[in-house]
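Laboratory data are not the source of any read-out in this text; all were calculated from the coordinates shown. If you're wondering where the values come from, they're calculated on a predicted model, not measured in any experiment. Here the Cβ positions follow ideal geometry from the backbone for every residue, glycine too, while neighbour counts run over all protein chains shown.
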Amino acid sequence: MARTHLPDSRVSPRFAGVATFCRYPLLPLVAPECLPLDWALYGVPFDGGVTYRPGARFGPRAVRDASQYVKRYSIEHDLDLCDTLSLADAGDAPVSPYDCRENAQRVTEFAAALADPARTKLLAVGGDHSIAYANIKATWLRRGRPSGGLACIHFDSHLDTVDAVWGEKWGHASPFLRAIEEGLIDPARMISIGIKGPLNTKADLDYAKARAVQIVTHARWQADGPAQLAAFLAKLGDAETYLTFDIDCVDPAYAPGTGTLCPGGFTSAETLAILRSLAGVNLAGADIVEVLPDRDPAGITAFLAAHIIFETLCLDAVRRKSN
Ligand SMILES: [Mn+2]
């Protein structure tokens with residue numbers, strides 16, 4: 001029995017109709033038998049927090065469009081995602097384009113109340129990385145404010161633990177410092193994967209290092225990254241874990257459509273394989289951020305982001321199938 005009703009692509013082709021994430025139903029149109037909803041996907045069209053090139057506010061629309069060709073059965077996990085999870089597109093969060101802090105508050109309020117707060121998990125599609133703070137906060141609230149915070153798996157070129165840029169404390173360079181400061185994330189159970197330089201200063205590493213965030217640079221990944229990640233996952237056990245994916249950890253050759261480019265990252269194939277290697281993790285929530293459609297002439301960045309959504313949801317499906 002399907003948990004998510006998709007339009008039959010032989011009746012209503014993938015290139016027709018109004019685009020929702022992966023063609024999942026809009027939240028108000030979810031069939032009663034598919035409740036409670038397992039995941040609410042929503043867009044956050046906000047890029048007021050960027051330090052360099054703007055445009056990620058158009059990310060949710062681009063990812064919705066690119067995701068029309070995401071199918072439902074995973075060969076690698078041998079599972080039909082839509083038979084396993086009830087999924088919906090909850091539309092876009094209300095944003096405040098000129099004010100990062102107010103935006104974070106609005107998005108948090110919207111996300112905290114979506115669908116069934118006790119049972120529905122949240123996947124936010126950015127937008128710049130500042131919006132991760134809001135989805136982390138909403139997830140933390142919905143999980144009953146776990147003391148000590150959530151564990152976190154972070155893919156990025158950057159640590160995003162700068163206290164403030166031009167006095168702005170809620171921009172895309174700061175979401176993890178804010179989340180750690182507020183106890184939403186436990187830095188001792190956080191891993192940042194794919195970090196690349198150069199940095200503005202060596203001191204940019206200080207905050208994360210002082211709080212024991214496990215940093216796996218892209219260069220280090222080539223040596224023993226998979227083993228480090230496996231050990232981290234073993235240490236996590238069943239802990240509720242938040243997954244945050246900044247598309248700029250992917251090599252610009254594979255994901256040019258982003259605002260703070262950093263050459264020499266993961267290929268798209270490596271990206272999907274790394275995500276699949278997380279199978280077994282207890283996901284509490286997730287985001288995929290920093291897709292900038294204006295710099296994505298062939299749409300490959302948005303298309304990869306759409307498949308990152310699929311692989312992320314599969315992780316929860318694997319876990320539910322095996323439990
Ligand atoms: Mn980031």
Relative contact order (percent, whole number), the range 131-217, Cα cutoff 8 Å, 6+ residue spacing:
32
If you place +1 on the Cβ of every Lys and Arg and -1 on the Cβ of every Asp and Glu, how big does the dipole about the Cα centre of the range 171-258 come out, in debye to the nearest 20?
260
Just want the answer: with Cβ charges of +1 for Lys and Arg and -1 for Asp and Glu, which residue in Ile274, Pro252, Trp221 is farthest toward the dipole's positive end in the range 190-277?
Trp221
Counting DSSP beta bridges with both ends in the chain, the antiparallel % (nearest 5):
10
List every residue whose amide H lies under 5 Å from the amide H of Ala284, counting only residues 5 or more places away in sequence or on a different chain, with H placed 1.01 Å from N in the peptide plane.
Thr241, Tyr242, Leu243
Which value at 222 nm does the chain reach when only helices count, each DSSP H run of 4 or more adding -39,500 (n - 2.57), with the total divided by all residues and rounded to the nearest 500 deg cm²/dmol?
-9500 deg cm²/dmol
So for each of 93-101, 281-289, 231-239, 47-55 I average, over its residues, the number of other beta carbons within 10 Å; can you give me the resulting order with the highest mean first?
281-289, 47-55, 93-101, 231-239
Over 30 Å between Cα atoms, which of Lys169/Lys202; Lys169/Lys321; Lys71/Lys121; Lys121/Lys235; Lys169/Lys209; Lys71/Lys209 qualify?
Lys169/Lys321; Lys71/Lys209
What residues qualify as long-range amide H neighbours of Gly91, i.e. H under 5 Å apart, gap of 5 or more or another chain, H built at 1.01 Å from N?
Leu27, Gly43
What is the local net charge at Ala284, summed over the other residues whose Cβ is closer than 13 Å to its Cβ (Lys, Arg +1; Asp, Glu -1)?
+2
With +1 on the Cβ of every Lys and Arg and -1 on the Cβ of every Asp and Glu, the dipole magnitude of the range 168-323 about its Cα centre, in debye rounded to the nearest 20, is 420
Relative contact order of the chain, pairs being alpha-carbon contacts under 8 Å that are 6 or more residues apart, as %
20
Fewest-first sequence of Leu159, Leu41 by Cβ atoms within 10 Å of each Cβ:
Leu159, Leu41
Considering amide H positions built from the backbone, and no H for Pro or chain starts, which residues 5 or more places from Leu150, or on another chain, come under 5 Å of its amide H?
Ile185, Asp186
Assertion target for Ser147, Ser12, Ser157, ordered by fewest C-beta neighbours within 10 angstrom first, is Ser147, Ser12, Ser157
Compute and list, largest first, the equivalent-ellipsoid semi-axes of the chain from the alpha carbon gyration tensor, each √(5λ) rounded to a whole angstrom.
28, 21, 20
For the range 217-225, what does the Karplus curve 6.51 cos²θ - 1.76 cosθ + 1.60, with θ = phi - 60°, yield as ³J(HN,Hα) per residue in whole Hz, taken in order and with x for Gly and Pro?
5, 4, 4, 5, 4, 4, 7, 9, x
Just to confirm a number: summing +1 for Lys and Arg and -1 for Asp and Glu over residues other than Leu6 whose beta-carbon lies under 14 angstrom from that of Leu6, what do you get?
+2
Relative to the Cα centre, what is the charge dipole magnitude of the range 21-322, using +1 at the beta carbon of each Lys and Arg, -1 at the beta carbon of each Asp and Glu, and rounding to the nearest 20 debye?
360
Under the definition of Cα pairs under 8 Å and six or more residues apart, what whole-number percent is the relative contact order of the range 177-307?
23
Per-residue Cβ contact counts at 10 Å, fewest first, order Met190, Met1 as Met1, Met190
When the Karplus curve 6.51 cos²θ - 1.76 cosθ + 1.60 is applied with θ = phi - 60°, which whole-Hz ³J(HN,Hα) does each residue of the range 43-57 get, with x for Gly and Pro?
x, 10, x, 9, 9, x, x, 7, 9, 9, 7, x, x, 5, 4
